[in-house]
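Report on the structure given below.
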Amino acid sequence: MEILDVLTSVAKTGRLGQVFSGADWNDVTAELGEPWDTGTMSRNRKWPRLFAYGDLELSVCRCGKVSLICVQTWRDVVELPPSVAGGTGTFPSGLKHADVVSALDRAGCSWKPHAALTFGNQCSLTVMQSGANFTFEIPEGEEPVLNVMGLPGDGHDCSARTAGQDH
């Protein structure tokens, strides 16, 4: 499977195997194993925490739900869990805007420019079905290159706080 196949599938379905916004963290770790714990999203709180499986990054709420999903594509090689990405899970990076748009169109994923994330040396588009966002860096004098693909949160607002859980 090619990286564009993986990303367009995620954009179309809003999921990568058991990984989707609102997924139970226990289901994710049962499928993918233990992740790298990269720390908290805030200096002042333990939660939400950011976990990674190579270049697949997941923000997880204290209640155990996945709240945000990103695939970092700016590195030299994109590494995803083989169990959900197929093959070795290792893919070349450097995806061009035209190639991403063409792949989305072939997959039947309607999209539109995302004006709020289009400025300076970046541009962005959003897939209508899932809300997946593709943000591109525009190197000077070159075609835009995919920097990150992300799925929006599901609006999860964990209000089940108990004393001391956040700190």
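Taking residues in region 26-45 that are over 15 Å from SER67 (Cα atoms), and partners anywhere that are at pLDDT 65 or above and small (Gly, Ala, Ser), the pairs with Cβ atoms closer than 7 Å and at least 6 places apart or on different chains are GLU31/GLY17; GLU31/SER83; LEU32/SER83; PRO35/ALA52; TRP36/ALA52; THR38/ALA52. Selection over region 18-56 of residues that are buried (at least 17 other Cβ atoms within 10 Å of the Cβ), outside any helix (DSSP H, G or I) and either at pLDDT 90 or above or not hydrophobic (A, V, I, L, M, F, W, C) (or both) gives a count of 13.
So, in region 1-20, how many residues would count as being in contact with a Cys (Cβ under 8 Å, 6 or more places away or on another chain) and farther than 19 Å from VAL77 by Cα?
To start, the set of residues in region 1-20 that are in contact with a Cys (Cβ under 8 Å, 6 or more places away or on another chain) comprises 8, 11-12.
This time we only want the ones that are farther than 19 Å from VAL77 by Cα, so: 11-12.
The qualifying residues number 2.
Against the definition (in contact with a Cys (Cβ under 7 Å, 6 or more places away or on another chain) and either modelled with pLDDT of 95 or more or part of a strand (DSSP E or B) (or both)), how does SER67 come out, yes or no? Judged against the criteria, SER67 is a match. Filtering region 70-93 to residues that are farther than 15 Å from ARG15 by Cα, part of a strand (DSSP E or B) and not β-branched (Val, Ile, Thr) leaves GLN72, GLU79, PHE91, PRO92.
The values are calculated or read from the model by the stated rules, or taken from the named source; none is laboratory data. Predicted model, so just to flag it, every value in this text is computed and none were measured. Glycine gets a Cβ as well: all are built from the backbone with ideal geometry, and neighbour counts include every protein chain shown.
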